[in-house]
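Enquirer: Structure provided below as structure tokens; questions to follow.
The values are calculated or read from the model by the stated rules, or taken from the named source; none is laboratory data. Keep in mind that this is a model prediction, so the values were computed, not measured. Virtual Cβ from ideal backbone geometry, glycine too; neighbours counted across all protein chains shown.
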Amino acid sequence: MNSRFNPEKKSGAIPSSEITDRKVFEQRRTLIKASVAGAAGSLFGYSLGTGSALANEVADEDTIRAAFRTTEELTSQKTATSYNNFYELGTDKGDPARYANRLITEPWSVKVDGECNKPGTYTLEDILKPHDIEERIYRLRCVEAWSMVIPWNGFQLGDLLKRFEPTGNAKYVAFETILDPDRLPGQRRPVLQWPYREGLRLDEAMHPLTILATGMYGEDIPNQNGAPLRLVVPWKYGFKSIKSIVRISFTEKEPPTSWNMSAPHEYGFYSNVNPKVSHPRWSQSRERRLAGETKGISALFSPKVETHFLNGYADQVGSLYADMDLKKFF
Ligand code: MTE
């Protein structure tokens with residue numbers, strides 16, 4: 001949801017005080033629309049132009065829908081909006097919320113270029129107008145081994161990408177975050193090469209589980225979580241979910257990505273959540289679940305739970321990687 005452009009949806013926003021009420025979740029889940037199934041179906045007829053034979057095998061409606069039916073306890077809105085990674089705003093977990101007002105999100109536009117028939121600079125309004133913003137509940141698992149369960153409001157990235165008419169040469173999609181070192185304190189330090197960059201294979205990008213989020217907990221997405229437009233790829237480590245996107249490029253070659261550029265042996269292009277493939281410096285078999293409310297250092301004492309292959313979305317997205325050696329393509 002983005003109330004900037006859709007005021008009547010704002011009135012239906014659910015206050016955070018109700019967020020932990022199970023009945024409310026059940027009701028809200030019934031709001032998730034059948035367009036998910038529609039999009040999955042339409043992908044069958046869509047030429048992805050990736051070399052992957054798997055592009056045609058999209059999980060069926062039931063498995064896609066199952067992904068939204070998590071019964072896991074939600075992370076509190078307070079935790080999800082105050083314990084963040086957004087290095088443009090600083091490297092401390094509290095910095096993104098602390099410096100959130102340094103990010104100016106209005107006006108906002110996204111440059112679209114590369115292998116597509118409809119390149120251009122699109123305003124946020126252009127991008128959001130035709131989209132039915134839905135609610136989905138996902139686990140986002142972060143690189144430092146904590147995870148959250150967040151109700152996102154967003155729409156399928158694939159629905160947007162189709163509008164730009166990718167050519168047959170488009171095999172990947174690259175994303176970039178805003179570059180504004182004058183205002184964003186973290187961009188004055190070389191902790192990463194700016195702007196923050198991420199990428200997906202085109203069939204991953206077109207998968208119905210991949211969304212662009214514009215809100216969370218029934219409200220506009222806060223700046224610290226990546227306003228006004230942020231990727232959510234729930235089966236990958238959190239750093240793939242790039243925030244505050246200003247550029248989308250269709251490419252023939254695998255695009256460079258920030259964490260891979262910074263530490264290629266530690267962070268691969270795919271970065272699929274995989275308990276069997278350890279990070280060189282730590283195991284990735286268990287994660288700290290930030291459920292309910294967690295503050296600052298107390299996150300370090302949250303209970304550990306088993307990490308699931310593809311973050312629990314193997315039924316939905318496993319076929320994308322059927323023939324790949326995931327130790328090699330980590
Ligand atoms: N996007 C940008 N532009 N800059 C960042 O530093 N951090 C990533 C990802 N997206 C990051 C980013 C990492 S490491 C994680 S774990 C998630 O955002 C954190 O998302 P959250 O703060 O909403 O939980």
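Enquirer: Going through PRO166, PRO190, PRO151, PRO208 one at a time, which residue ends up being without any contact (Cβ under 8 Å) to a residue 60 or more places away in the chain and of a type outside the set (D, E, K, R)? Can you show your working first?
Expert: Working: PRO166 fails: without any contact (Cβ under 8 Å) to a residue 60 or more places away in the chain; PRO151 fails: without any contact (Cβ under 8 Å) to a residue 60 or more places away in the chain; PRO208 fails: without any contact (Cβ under 8 Å) to a residue 60 or more places away in the chain.
Within the list PRO166, PRO190, PRO151, PRO208, the selection yields PRO190.
Enquirer: Among the residues of segment 266-276, is there at least one that is within 15 Å of the ligand (Cβ to nearest atom), over 24 Å from THR210 (Cβ atoms) and of a type in the set (Phe, Trp, Tyr)?
Expert: no
Enquirer: Are any residues in segment 197-253 of a type in the set (Lys, Arg) and part of a loop (DSSP other than H, G, I, E, B), and if so, which ones?
Expert: Residues of segment 197-253 of a type in the set (Lys, Arg): 197, 201, 230, 236, 240, 243, 247, 253.
LYS243, LYS253 - these are the residues of segment 197-253 that are of a type in the set (Lys, Arg) and part of a loop (DSSP other than H, G, I, E, B).
Enquirer: Look at segment 185-221 and say how many of its residues are touching a Lys or Arg at 6+ places or on another chain (Cβ under 7 Å), among the hydrophobic types (A, V, I, L, M, F, W, C) and under 18 Å from TRP259 (Cβ atoms).
Expert: Residues meeting the conditions: 0.
Enquirer: How many of the residues in segment 87-102 are assigned to a loop (DSSP other than H, G, I, E, B) and touching a Gly at 6+ places or on another chain (Cβ under 9 Å)?
Expert: Selection size over segment 87-102: 5.
Enquirer: Also, I was wondering about something else. Out of (1) away from the ligand (no atom under 16 Å from the Cβ); (2) part of a strand (DSSP E or B), what's the single condition that is false for ASP159?
Expert: Failing condition for ASP159: (2).
Rundown of residues vs (1) farther than 29 Å from ALA314 by Cα; (2) surrounded by fewer than 20 Cβ atoms within 10 Å (Cβ to Cβ); (3) at pLDDT below 95, yes/no style:
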residue	(1), (2), (3)
PHE86	no, no, no
PRO96	yes, no, no
PRO107	yes, yes, no
ASP113	yes, yes, no
LEU161	no, no, no
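Enquirer: Please pick out the residue among GLU219, GLU204, GLU198 that is closer than 20 Å to ILE64 by Cβ and in contact with a strand residue (DSSP E or B) (Cβ under 9 Å, 6 or more places away or on another chain). Walk me through how you get there before you give the answer.
Expert: Details: GLU219 fails: closer than 20 Å to ILE64 by Cβ; GLU198 fails: closer than 20 Å to ILE64 by Cβ.
Exactly one residue qualifies, and that residue is GLU204.
Enquirer: Shifting gears a bit: Applying the selection to segment 230-256, what residues are crowded, with 24+ Cβ neighbours inside 10 Å, more than 22 Å from GLU287 (Cα to Cα) and more than 11 Å from the ligand (Cβ to nearest atom)?
Expert: Across segment 230-256, the qualifying residues are ILE248, PHE250.
Enquirer: Then there's this: Write out, first by first residue and then by second, each pair whose Cβ atoms fall under 7 Å of each other, whose residues are 6+ apart or on separate chains, and whose first residue, in segment 261-274, is within 19 Å of LEU140 (Cβ to Cβ) and β-branched (Val, Ile, Thr) while the second is modelled with pLDDT of 95 or more and in a loop (DSSP other than H, G, I, E, B).
Expert: VAL273/TRP235; VAL273/THR307
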